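To start, the structure under review is shown below, and the notes come after it.
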Amino acid sequence: MPKTKKKNVMPFLAKSPTGIQGLDEITGGGLPRGRPTLVCGSAGSGKTLLAMEFMVHGAVQYDEPGVFVSFEENEEDLKENVASFGWDLSALSKQGKLSVEYIHIDRSEIEETGEYTLEGLFIMLQDAIDSIGAKRIAIDTLEVLFTGFTSDLIMRAEIRRLFRWLKEKGLTAVITGEPGGESMTRHGLEEYVSDCVIQLHHRIHEETATRRLRIVKYRGSSHGTNEYPFLIETGGISILPVTSIGLNYEVTTERISTGIARLDTMLGGEGYYRATSILVSGTAGTGKSSVAAGFVNAACGRGEKALYFSFEEAQEQIVRNMRSIGMNLEPWIKNGLLRFRTERATTFGLEMHLALLHKEVSDFEPQVVVIDPISNLGASVTALEIKGMLSRVIDFLKMHHITALFTDLTHGGTALEATESAVSSLMDTWILLRDIESQGERNRGLYVLKSRGMAHSNQIREFMITEDGLDLLDVYVGPGGVLTGTARIVREAEESAEEVIRKREISRRKRELERKKTLLETRIAELHEAHAADEEELQRFIDEAESRQTVFQETRKRMAQMRGRD
Amino acid sequence: MEKRKAEHPPRDSRDAFEKAVQDQTSETYVLRLFITGTTPKSMRAIANIKDICEEHLKARYKLEIIDLYQYPKLAKGEQIVAVPTLVKQLPKPIRKLVGELSDKEKVLFGLDLKART
């Protein structure tokens, strides 16, 4: 994504890639090639580092040797300071890729006796540039020139000349300066002669510091105009562009279990999609952490690695609590599948949390990450910053094919959906846990508010945290509304009582029918008997009649014989 | 080093004091003037320092004029940012006088030839 972006912009304005994470994205490819860029910020805002990183990356990655002109720190100090970022200035210097020029100006040693120019500086720069064929130059910081000499008039003219001169030389320059009271820079001059101005802030918000970067101007190029939080981590500066990171990561249809069998069923039968973001929100005590732990437990059970960031509870506490509800996380910790990172949210600013997350994820390479909760991070920063951070985190995790589960504490009294509206759009699946209070009882309800790309249940389920783990139960939906807890049990008892009665009735009726059948059969047998008796009677009668006839005929014959028929 | 001869031994404390002041200001000055080519500023600086040296440091100064265009490495070596710059190498402390040396008062201060008021 950044690469294609770069190519799109290249024909309009040549740019020098900074190699600084995020900065090339928001500048559309880097700093203006062959032109001066002003980086202004107060002491400790990271401007020297930004300038140095631009030079180091130029020297190492882009084959653009550079000269770093330092008015503040000498070569040794500078080398030591940046060594912690893994940059070896001595080696780069030996390879002829980067030279550090320390220029010492001490006002107490200088007496001004008339008009002068800064031609000496130009000669020094020229010499340094020629010696390594520099394409880049950094000057840190102009402020020293202004404080070293008294004549503002001369300095202004010379600074203008310097910028022009750098441009003529075709050097991509980074010049650092300090902010003034009203204007962006103390002398209100540098920003006008620069083609690009980057402002750095180190702002304290509710006692936690966050670094910010903003592109104030960029002649001839579009650029991100937001204030971007950035952090200084082991590899240097890392800027977190809120919107610019790509949304074109690979998606998968692979599903993974939620750790709760019936929740899997609710989510189309198979659970979450892998490499998506899941939000579990709810008021205090609704079981968010339990859902998270269940998810982690299931992941470890599959042999996957899980990373659990806890901003509220200590590792031991979570393990103990989960053991009480039938989940033993300890074996996973022991065999290295589960790693906890517990830190108070207020310990660091947002940037440090981010840095930590980046670092841990890169080190541990988990398949599953839990952040519990994100709402606590909001204690020290604004919702907007949280959103910025989260979108960055989510994109980062998705790109690494990691499934992330975030919990969020919502406060009672406010609309459940309203509080997370800032982050909900970033989430693929949103599970809401809520209290259902009725008849002097407080029960937990769970429903799936959204789940992208799957048919999911629209039902509220009762969420049970038992000694044997987590379970979801059907809630009783009756004329009086949703029934949970005791009310549900009572209702269920009533239903089962009715069931018993019904069963009894059936067996009674069955017995009755049986009896009727026996009765009927008896009667049929009787009738058969009667019929047989009748038949017998008739036969006897017929036999009798026949024998009578025979006797009659015999008698007639005998009578005829006796009368002597002639 | 000692250009001036003591004409007569010190007679009293007043003489001793004046001798001490004389000794202090009697060191040889080593001066280097860095210029860039033959710009008007360079030329004016050269003229100005020569005048001052002749007037205040006659016969006890060494002045070297260096064109940075010809010796660019010296700019870095001597840390010459502004030109013209006059560097007072000796006597210590080293001091840099920036500009075309037209403000005579300041030049004299810078060279410790006049006390600051």
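Would you mind giving the mean number of other chain beta-carbons within 10 Å of the Cβ of each residue in A:489-499, as a whole number? Show your work: numbers first, answer last.
Values: counts 0, 0, 0, 0, 0, 0, 0, 0, 0, 0, 0.
For this peptide, the per-residue mean of nearby foreign Cβ atoms is 0.
Which percentage, to the nearest 5, of the DSSP beta bridges contained in chain A is antiparallel? Don't jump to the answer; show the numbers that get you there.
Values: 43 of 93 bridges.
Antiparallel bridges make up about 45 percent of those DSSP assigns within chain A.
When you count, for each residue, the other Cβ atoms within 10 Å and take the mean per peptide, how do A:155-164, A:292-301 rank with the highest first?
Numbers: A:155-164: 17.9, A:292-301: 23.4.
Ranked by mean Cβ neighbours within 10 Å, highest first: A:292-301, A:155-164.
Which one of A:Thr150, A:Ala138, A:Ser289 is farthest out on the positive end of the charge dipole of the protein assembly as shown, using unit charges on Cβ (Lys, Arg +1; Asp, Glu -1) and the Cα centre as origin?
It is A:Ala138, whose Cα lies furthest towards the positive end.
How long is the range A:63-137 along each principal axis, judged by its Cα atoms, biggest number first, in Å?
Computed over the Cα atoms, the extents are 45, 25, 15 Å.
What's log10 of I(q)/I(0) for the range A:419-551 at q = 0.15, 0.21, 0.22 Å⁻¹, Debye sum over Cα points only, no solvent?
Each listed q corresponds, in turn, to -0.92, -1.21, -1.25.
Angle, helix A:383-399 long axis vs. longest principal axis of chain A, Cα atoms, 0 to 90°, nearest 10?
Rounded to the nearest ten degrees, it is 70.
About its Cα centre, how strong a charge dipole does the range B:28-110 have in debye, to the nearest 20, once Lys and Arg get +1 and Asp and Glu get -1 at the Cβ? Walk me through the intermediate numbers first.
Details: 15 positive and 9 negative charges, 59 e Å.
Around 280 debye, computed over the range B:28-110.
Once the cut-off is 11 Å, how many percent of the Cα-Cα pairs in the range A:109-151 end up in the long-distance tail?
Numbers: 671 of 903 pairs.
So the pairs more than 11 Å apart make up 74 percent of the total in the range A:109-151.
Let me spell out the model: positive unit charges on the Cβ of Lys and Arg, negative unit charges on the Cβ of Asp and Glu, origin at the Cα centre of the protein assembly as shown. What dipole size does that give, in debye rounded to 20?
On the way: 92 positive and 101 negative charges, 273 e Å.
Rounded to the nearest 20 debye, it is 1320 debye.
Could you estimate the translational diffusion coefficient of the range B:28-110 from the Stokes-Einstein equation, with Rh from the Kirkwood formula over C-alpha pairs, at 20 °C and 1.002 mPa s, in whole µm²/s? Write out the running numbers ahead of the final one.
On the way: Rh = 12.7 Å.
D, rounded to a whole number, is 169 µm²/s.
Can you tell me the length gained on complete extension of the stretch A:Glu330 to A:Ser424, counting 0.36 nm per residue apart and subtracting the Cα distance? Could you put the intermediate results ahead of the total?
On the way: separation 94, 0.36 × 94 = 33.84 nm, distance 3.22 nm.
Roughly 30.6 nm would be gained on extension.
Between helix A:47-60 and chain A, what is the angle of the helix's C-alpha long axis to the longest principal axis, kept within 0 to 90° and rounded to the nearest 10?
It works out to around 80 degrees.
Hey, any idea what the orientation-averaged projected area of the convex hull of chain A's Cα atoms comes to, in nm²? Don't skip to the answer; put the middle values down first.
Values: hull surface 204.6 nm².
Reported value for the Cα convex hull: 51.2 nm².
Modelled label-to-label distance, A:His202 and A:Ile489, 7 Å Cα→beta-carbon offset: nm?
6.0 nm
Taking R0 as 25 Å, what's the FRET efficiency between A:Ser90 and A:Lys167 from their Cβ-Cβ distance, rounded to 0.05? Display every interim value, and only then the final one.
Working: r = 31 Å, r/R0 = 1.23.
About 0.25, to the nearest 0.05.
Arranged by the count of other C-beta atoms within 10 angstrom, fewest first, what order do A:Thr429, B:Thr39 take?
Working: A:Thr429 24, B:Thr39 15.
Final ranking by Cβ density, sparse to dense: B:Thr39, A:Thr429.
Suppose the chain between B:Ala47 and B:Arg14 were pulled fully straight at 0.36 nm per residue; how much longer would it get relative to their current alpha carbon spacing? List each step's numbers first, then the result.
On the way: separation 33, 0.36 × 33 = 11.88 nm, distance 3.74 nm.
8.1 nm is the gain from fully extending B:Ala47 to B:Arg14.
Using the beta-carbon distance between B:Lys104 and B:Thr38 and R0 = 35 Å, what value does 1/(1 + (r/R0)^6) give for FRET efficiency, to the nearest 0.05? Each step should come with its number before you reach the end.
On the way: r = 23 Å, r/R0 = 0.65.
Efficiency at R0 = 35 Å is approximately 0.95.
Based on DSSP, what percent of beta bridges with both residues in the range B:28-110 are antiparallel, to the nearest 5? Before the final figure, lay out each step's value.
On the way: 9 of 16 bridges.
If I count the DSSP bridges inside the range B:28-110, around 55 percent turn out antiparallel.
Please give the contour-minus-distance gain from A:Glu75 to A:His401: 0.36 nm per residue of separation, less the Cα-Cα distance, rounded to one decimal in nm.
Working: separation 326, 0.36 × 326 = 117.36 nm, distance 4.28 nm.
So the extension gain works out to 113.1 nm.
Between A:Tyr192 and A:Arg214, with labels modelled 7 Å along Cα→Cβ, what's the label distance in nm to one decimal, could you check?
Spacing of the two 7 Å Cα→Cβ label points: 2.1 nm.
State the answer as a single residue: which of A:Ala91, A:Cys196, A:Thr276 lies farthest towards the positive end of the charge dipole of the protein assembly as shown, with beta carbon charges of +1 for Lys and Arg and -1 for Asp and Glu, about the Cα centre.
Checking the options against the dipole of the protein assembly as shown, the answer is A:Cys196.
In debye, nearest 20, what is the charge dipole magnitude of the range A:255-474 about its Cα centre with +1 on Lys and Arg Cβ and -1 on Asp and Glu Cβ, if you could check? If you can, show how the numbers build up before the last one.
Working: 22 positive and 27 negative charges, 84 e Å.
That gives a dipole near 400 debye.
Got a sec? How would A:Thr117, B:Thr85 order by Cβ neighbour count within 10 Å, fewest to most? If you can, show how the numbers build up before the last one.
Values: A:Thr117 20, B:Thr85 27.
The order, fewest Cβ neighbours first, is A:Thr117, B:Thr85.
At 7 Å along the Cα-to-beta-carbon direction for both A:Glu316 and A:Tyr62, put a label point, then send me their distance in nm to one decimal.
The two pseudo-label positions are separated by 5.1 nm.
Would you report the distance distribution of C-alpha pairs in the range A:493-566 as whole percents per 10 angstrom bin, up to the bin with the largest distance?
Final binned percentages: 16, 17, 14, 13, 11, 9, 8, 6, 4, 2, 1.
Using r as the Cβ-Cβ distance of A:Arg558 and A:Glu512, and R0 as 60 Å, what FRET efficiency do you calculate, to the nearest 0.05? Intermediate values should be presented prior to the final figure.
Values: r = 68 Å, r/R0 = 1.13.
FRET efficiency, A:Arg558 to A:Glu512: 0.30.
Does anyone have the angle between helix A:485-563 and the longest principal axis of chain A? Alpha-carbon axes, 0 to 90°, nearest 10?
It works out to around 20 degrees.
For the range A:258-348, what D do you get in µm² per second when you plug the Kirkwood radius from alpha-carbon pairs into Stokes-Einstein at 20 °C and 1.002 mPa s? Before the final figure, lay out each step's value.
Working: Rh = 14.0 Å.
The estimated diffusion coefficient comes to 154 µm²/s.
So if I take the centroid of the Cα atoms in the range A:515-566 and the same for the range A:92-159, what is the distance between those two points in Å?
150 Å
Given 25 °C and 0.890 mPa s, how large is the Stokes-Einstein diffusion coefficient of the range A:255-474 in µm²/s, with Rh as the Kirkwood radius over Cα pairs? Write out the running numbers ahead of the final one.
Working: Rh = 17.3 Å.
Here the translational diffusion coefficient equals 142 µm²/s.
Over chain A, what is the relative contact order in whole percent, taking alpha-carbon pairs under 8 Å and six or more residues apart? Let's see the in-between values first.
Working: 959 pairs, mean separation 69.6, N = 566.
RCO, chain A: 12 percent.
Coordinate-derived values only; no laboratory data. As the structure is a prediction and not an experimental result, all values here were calculated from the model. As a convention, Cβ positions derive from the backbone with ideal geometry for all residues, glycine included, and neighbour counts pool all protein chains shown.
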